[in-house]
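The values are calculated or read from the model by the stated rules, or taken from the named source; none is laboratory data. Here the structure is a predicted model, which means the values were calculated and not measured. Virtual Cβ from ideal backbone geometry, glycine too; neighbours counted across all protein chains shown. Ligands, DNA and RNA are stripped out before the accessible areas are found, and what is left, the full protein with its side chains, is counted by its heavy atoms. Shrake-Rupley method; radii C 1.70, N 1.55, O 1.52, S 1.80 Å.
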Amino acid sequence: MTLLEILEHIPPSDLSYDEWTQVGMALKHEGYTAEDWDEWSRADSRYHAGECEKKWRTFKGSDTPVTAGTIVQMAKERGLSFFSSSDDDMLLDFEGVIAYEGEAEPVRKPVSRDPVQEIIAYLRARFEPEEYIGYVTSVYEDHDTGKLSPTRGNYDRTAGQIIDQLEKCGGDIGAVLGDADPRAGAWIRVNPLDGKGIKDENVTDYRYVLVESDSLPIEQQNALMHDLELPIVTLTHTGGKSLHAIVRIDAQSREEYRKRVAYLFDVCEKNGLRIDRSCKNPSRLTRLPGFQRGENRQYLIETNTGKATFEEWRDYIEEVTDDLPDAENAADFWADIPPLRPALIEGVLRQGHKMLLAGPSKAGKSFSLIALAIAIAEGRQWMGFRCAQGKVWYVNLELDDISCKHRIRDVYKALGIEPKNLSNIDIWNLRGRAVPMDKLAPSMIRRAKQRGYSAIIIDPIYKVITGDENSAEQMAHFCNQFDRVCAGASCAVIYCHHHSKGSQGGKRSMDRASGSGVFARDPDALLDMIELPVSEQLHKTEEDKAVCGVCREWLGRFLGTGYGEAVSQDDEQSRSRMLELCGEHLQRNSIELMQTDIDAAIRKVQTQTAWRIDGTLREFPKFPVVNVWFDYPIHRTDSTGVLKDIDPDETWQKNFPKRKTNEERADERKASIETAFSAAVNEDGQALISDIAEYMAVSEKTVRRRLKEHGGYWIDDSYTGKKQSKGQGQN
């Protein structure tokens with residue numbers, strides 16, 4: 001993960017002026033541009049064109065620079081975490097450090113007392129014989145300060161040529177490399193060159209980087225480099241106050257080199273080894289052993305120490321610096337085990353845990369989740385389960401914000417609940433603004449902190465899914481984001497997902513959700529909704545109940561206290577008898593008004609659907625299935641038991657579409673490829689296969705296969721076009 005990607009998790013509007021300036025200083029120190037800083041800053045209402053460029057020019061560097069760690073810490077404070085070992089997403093977990101007690105480690109004596117053999121060993125450890133190397137033995141002196149600085153030096157000889165000449169020089173190093181000024185010593189370039197120059201663009205292999213630090217005594221530098229197991233190819237005493245470690249990077253490109261070096265430097269600095277950041281250039285000069293430097297000698301301490309490769313070292317660092325908890329011994333906690341988390345939804349979900357509500361379209365899942373938000377806010381029942389009262393955050397990803405607000409009011413009204421605790425409900429309307437869950441989670445955590453939510457409800461998750469929902473690996477990563485929110489916001493996370501296509505009645509409840517089985521196995525509670533087939537007879541029975549209810553209400557208005565004398569319990573169960581009693585006791589105009597209410601009640605019964613809710617629970621015993629009517633906009637539990645014996649398979653068998661023949665599938669594929677080609681074709685009658693694949697939302701391999709199946713198209717590398725019919729001439 002680059003710093004620019006990390007900045008995506010840090011809104012500039014969140015920062016003070018000083019913090020904004022620190023971001024710019026860190027970007028400059030890490031080799032980014034003023035344009036990078038400017039582009040990120042544009043999201044702030046305080047942005048002024050040209051201000052970044054002007055401020056950038058004032059950043060001159062310092063002995064204590066602002067580094068990438070500052071930006072990383074800002075991101076971590078906003079919920080971002082770093083768990084990856086790939087080069088594309090490579091950052092140390094900045095909470096972890098290598099155990100270093102600050103004890104010094106004596107520096108070894110030179111590997112050889114013969115300077116010639118020392119230089120040969122150094123060159124053989126670092127370069128192939130045919131590789132050009134850059135070295136410097138001459139200096140120029142600043143007449144004002146007396147400072148000695150290296151010249152451009154030599155860069156047109158190979159390591160093999162120099163080694164051959166050193167072996168024959170009879171100890172006269174100057175005859176091979178030139179006589180060095182004993183006050184200054186000698187230098188060599190970190191990486192092999194092309195023999196044409198000494199700049200970064202002349203580097204032929206991004207193999208090494210120089211690690212240098214003079215902020216600690218040499219003995220402590222030595223101890224830290226070894227404790228960190230740096231993949232050091234050569235370690236040189238500079239004759240001054242620092243060691244020069246040439247560390248393996250083995251990058252395939254300049255960009256990969258930059259990322260790996262930044263990671264390496266961050267690890268070192270986090271563990272107390274303050275790095276000279278100017279050493280990051282691949283053509284950087286480092287001290288060449290075997291030469292005198294003032295009163296001391298530059299000498300080779302050792303070769304090939306620490307881990308063998310950068311990848312092995314990185315894996316080691318991430319293993320020892322991860323933020324995974326240590327193992328606990330059962331004897332340590334046996335006598336003092338903390339109590340279980342209290343229930344948020346009694347018998348279903350504990351506080352701080354995860355719940356998934358799954359079901360097909362038109363099941364009223366969103367209405368159900370709104371009703372759940374209300375039940376938590378008011379401390380009421382939901383689907384027959386008692387909810388603990390608390391604050392709830394409803395994250396609306398699908399509805400227009402005004403429609404969402406109306407739904408909340410409508411559900412309150414339909415439930416007959418007085419809204420005494422509206423302050424317990426927060427709504428986050430993100431329709432049209434949703435981002436993948438791995439980017440949404442940090443923003444969600446940051447906003448949820450200090451709010452004291454009991455639950456966050458995310459509706460629906462298909463809007464924020466990251467990756468292929470059929471991939472177990474990718475969905476495991478996606479579901480981990482809910483764990484991040486649970487931990488970071490200290491509350492339960494409740495979300496909904498849709499069923500896969502096809503018959504569901506014969507499946508277990510945990511196998512109905514679309515995509516990978518991770519969806520069903522990851523949450524602590526899975527509640528699944530499946531539709532029940534309602535027979536004409538049952539609909540007729542429900543209509544009779546509704547009509548009787550309307551009649552009961554109207555008779556109660558007119559008869560008052562005399563209702564019990566005029567209407568028996570048996571009468572209340574008979575539609576015909578209740579209508580007859582209304583005709584006897586109500587006035588004509590009242591009967592007409594009552595009929596309007598009856599018609600409305602019948603229409604409502606005709607539109608209501610029946611559903612069965614089954615549960616798969618991790619923390620509680622399985623509950624008996626709950627049967628409900630979806631009586632728009634709420635679900636009502638079946639209090640009479642009329643739904644308990646219905647077999648849900650009947651609905652799916654009735655609605656399951658007829659299986660298509662192979663010929664019908666082939667015709668559909670043929671039509672789809674023709675449609676996609678028509679959309680992607682250019683004025684020359686050709687289309688990029690990649691454009692067709694994007695239009696069809698399939699892979700290029702699939703497009704090529706379907707083009708061949710069709711038979712009417714030619715394929716030439718990345719393009720395709722229609723074959724000419726017989727008798728058709730060339731254009």
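When all protein chains stay in place and ligands, DNA and RNA are ignored, the 1.4 Å accessible-area order of Arg386, Arg126, Arg258, largest first, is Arg386, Arg258, Arg126. Residues whose amide H falls under 5 Å from that of Ile494, counting only those 5 or more places apart or on a different chain, are Met355, Ile456, Ile457, Ile458, with hydrogens built in the peptide plane. Each residue of region 449-463 was assigned a 3J(HN,Hα) from its phi angle through the Karplus expression (A = 6.51, B = -1.76, C = 1.60, θ = phi - 60°), giving 4, 6, 8, x, 5, 7, 8, 10, 10, 10, 9, x, 7, 5, 6 Hz with x at Gly and Pro. For the chain, with all protein chains in place and a probe radius of 1.4 Å, 46% of the accessible heavy-atom surface sits on carbon or sulfur. The order of Ser690, Ser639 by accessible area, most exposed first and with a 1.4 Å probe, is Ser639, Ser690. Across region 126-276, C-alpha contacts under 8 Å between residues 6 or more apart give a mean separation that, scaled by the residue count, equals a relative contact order of 20 percent.
Checking the Cα-Cα distances for Lys362/Lys701; Lys76/Lys354; Lys354/Lys622; Lys60/Lys449; Lys147/Lys259 against a 27 Å cut-off, the pairs over it are Lys362/Lys701; Lys60/Lys449; Lys147/Lys259. Applying both filters, DSSP loop and at most 11 other Cβ atoms within 10 Å, to the GluC sites (Glu not before Pro) of region 660-723 gives Glu683.
Relative to the longest principal axis of the chain, what angle (0 to 90°, nearest 10) does the C-alpha long axis of helix 536-559 take? Helix 536-559 sits at roughly 70 degrees to that axis. Taking 7 Å steps out from each Cα toward its Cβ at Glu700 and Lys241 produces label points 5.7 nm apart. Between Ala472 and Asp14, the modelled label-to-label distance comes to 3.5 nm, taking each label 7 Å out from Cα in the direction of the beta carbon.
Ser149 exposes around 20 Å² of accessible area when a 1.4 Å probe is run over every protein chain in place.
Ranking Trp40, Trp334 from most to least accessible surface, computed with a 1.4 Å probe over the protein chains only, gives Trp334, Trp40.
Within the full protein context, the accessible area of Arg46 is estimated at about 120 Å² for a probe radius of 1.4 Å.
The heavy atoms of Cys268 offer some 0 square angstrom of accessible surface to a 1.4 angstrom probe.
With Rg and the Kirkwood Rh both taken from Cα atoms, where does Rg over Rh land for region 331-440? Using Cα coordinates only, the ratio equals 1.05. Across the chain, C-alpha contacts under 8 Å between residues 6 or more apart give a mean separation that, scaled by the residue count, equals a relative contact order of 9 percent. The amide H of Ile427, built 1.01 Å from its N in the peptide plane, has Tyr394 as neighbours under 5 Å, considering only residues 5 or more places off or on other chains.
Using the Cα gyration tensor of region 553-684, with a ≥ b ≥ c the square roots of its eigenvalues, what is the shape: rounded (a/c below 1.5), prolate (a/b larger than b/c) or oblate (neither)? Prolate. Looking at the chain alone, DSSP beta bridges between its own residues are antiparallel in about 70 percent of cases. Go ahead and estimate [θ] at 222 nm for the chain from helices alone: -39,500 (n - 2.57) per DSSP H run with n ≥ 4, summed, over the residue count, rounded to 500. It lands at -11500 deg cm²/dmol.
For mean projected area of the Cα convex hull in nm², computed directly from the structure shown, the correct entry in (i) 51.6; (ii) 47.2; (iii) 43.7 is (i).
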